[in-house]
Amino acid sequence: MRIKINIPTKLSEVTLEQYQKYLKEQKKEYTDFEAGSKMIEIFCNIQRADLIEFRMSHINKISTILSEMFAEKNNTLIRHFKMNGIEYGFIPNLDEMTFGEYVDVDSYFQEWQDMHKAMSVLYRPILQKHKDRYTILKYDGKDQDDYKQMPLDVVFSSIVFFYNLGKDLSLSMMDYLTLEEKLQLQESKVLDKDGDGISQFMHSLKVMLQSTKISLN
C-alpha cells in the first residue's frame, strides 16, 4: 500500500500545537527509535498504523529532514503573519504594553503548554495598516486556543526577541565575558534588583531556548 505524507521542511510549516504535543511526548520514556517515530507521527500528521508500513530507510530519511528543520536559525523577530485569512501583528510599541499584558506574558512564558496564550498577548489581528505602521486589536484574553495554529517560526522568533532584549539591556557593557558567564551574572543581577518574577521570566526564556536548540547568539 502506497501512503503519501507531507513532510515539513521549514518551521513555518509546523504549528505551535504540534510542537506542544511533541514536547509532551518527550517527557515519556522512549527509545531513540520510538522518539523518532513519534516525531514523524506528530509533524507529518500520520497515524502509527500507517507509519509501521514504511521502510526503515524512509523513516531514517524523514527523521533527518525533521532534525535539520529544527536546526534552522532565525534571530530576527517576525512581526507579521497570516492565519486563517487574518493578518496578525506583533505589539507595535512595547513601551505601551499594559501591566495586565505584561503579567499575562510573564505567567504564560513559564510553560510551553501555555505558549499559545502568551502569543495571544504578543500578536493580535491588525486593524489598520499603512506601510510599516499598524494598529492591532485590544487584548481581551479571548480566542487563545486559535493561536495553537500559528506557525512555529513566529513563536520561536518572539521568544528569541524577548531573550535578546533582556540580555542586551542588562549586559551591554559586558561583551568580554563568555556567554555562560553573562547568563549567570545577568540572572544574579536581576534577582537582586528586581525580585523573583523577572528572574524567573528570564530563566524560563533561557530554558526554552536551550530546549528548542535555538542559538543564543
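The values are calculated or read from the model by the stated rules, or taken from the named source; none is laboratory data. Just so we're clear, the structure is a prediction, and the values are computed from it rather than from any experiment. Positions of Cβ are backbone-derived with ideal geometry, glycine not excepted, and every protein chain shown enters the neighbour counts.
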Kindly list, by first and then second residue, each pair from a residue in the range 57-74 that is among the β-branched types (V, I, T) to a residue that is surrounded by 15 or more Cβ atoms within 10 Å (Cβ to Cβ) and assigned to a helix (DSSP H, G or I), limited to pairs with Cβ atoms under 6 Å and residues at least 6 apart or on different chains. I62/I40
Which members of the range 28-44 meet the condition of being of a type outside the set (G, A, S) and over 23 Å from M119 (Cα atoms)? K28, E29, Y30, T31, D32, F33, E34, K38, M39, I40, E41, C44
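Residues that are farther than 21 Å from I136 by Cα: list the helices (runs of 4 or more DSSP H) wholly contained in the range 41-124 that include at least 1 such residues.
Filter on the range 41-124 gives 48-51, 56-70, 99-108.
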Among D132, D106, which is at pLDDT below 90 and in contact with a helix residue (DSSP H, G or I) (Cβ under 7 Å, 6 or more places away or on another chain)? D106
Residue that is more than 30 Å from K129 (Cα to Cα), over 17 Å from the mean Cα position of the chain (by Cα) and exposed (fewer than 11 other Cβ atoms within 10 Å of the Cβ), where the choices are E34, E29, E41, E96: E29
Please work out if G89 is in contact with a strand residue (DSSP E or B) (Cβ under 7 Å, 6 or more places away or on another chain) and in the same structural domain as D146 (by TED's automatic domain parsing). yes
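For the structure I just gave you, tell me whether E29 is over 14 Å from D153 (Cβ atoms) and in a loop (DSSP other than H, G, I, E, B).
On the way: over 14 Å from D153 (Cβ atoms): yes; in a loop (DSSP other than H, G, I, E, B): yes.
So E29 fits the description; yes.
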Looking at the range 180-197, can you tell me whether even one residue there is of a type in the set (A, V, I, L, M, F, W, C), crowded, with 18+ Cβ neighbours inside 10 Å and at pLDDT 85 or above? no
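May I ask you to list the residues in the range 125-149 that are assigned to a helix (DSSP H, G or I) and of a type in the set (K, R)?
Initially, the range 125-149 is screened for residues assigned to a helix (DSSP H, G or I), giving 144-149.
The answer is K148, and nothing else.
Kindly provide the set of residues from the range 99-120 that are aliphatic (A, V, I, L, M), surrounded by 13 or more Cβ atoms within 10 Å (Cβ to Cβ) and without any contact (Cβ under 8 Å) to a residue 60 or more places away in the chain, ordered by number.
Of the residues in the range 99-120, the ones aliphatic (A, V, I, L, M) are 103, 105, 115, 118-119.
Pick out the ones that are also surrounded by 13 or more Cβ atoms within 10 Å (Cβ to Cβ) and you get 105, 115, 118-119.
Once the filter is applied, which keeps residues that are aliphatic (A, V, I, L, M), surrounded by 13 or more Cβ atoms within 10 Å (Cβ to Cβ) and without any contact (Cβ under 8 Å) to a residue 60 or more places away in the chain, the range 99-120 yields V105, A118.
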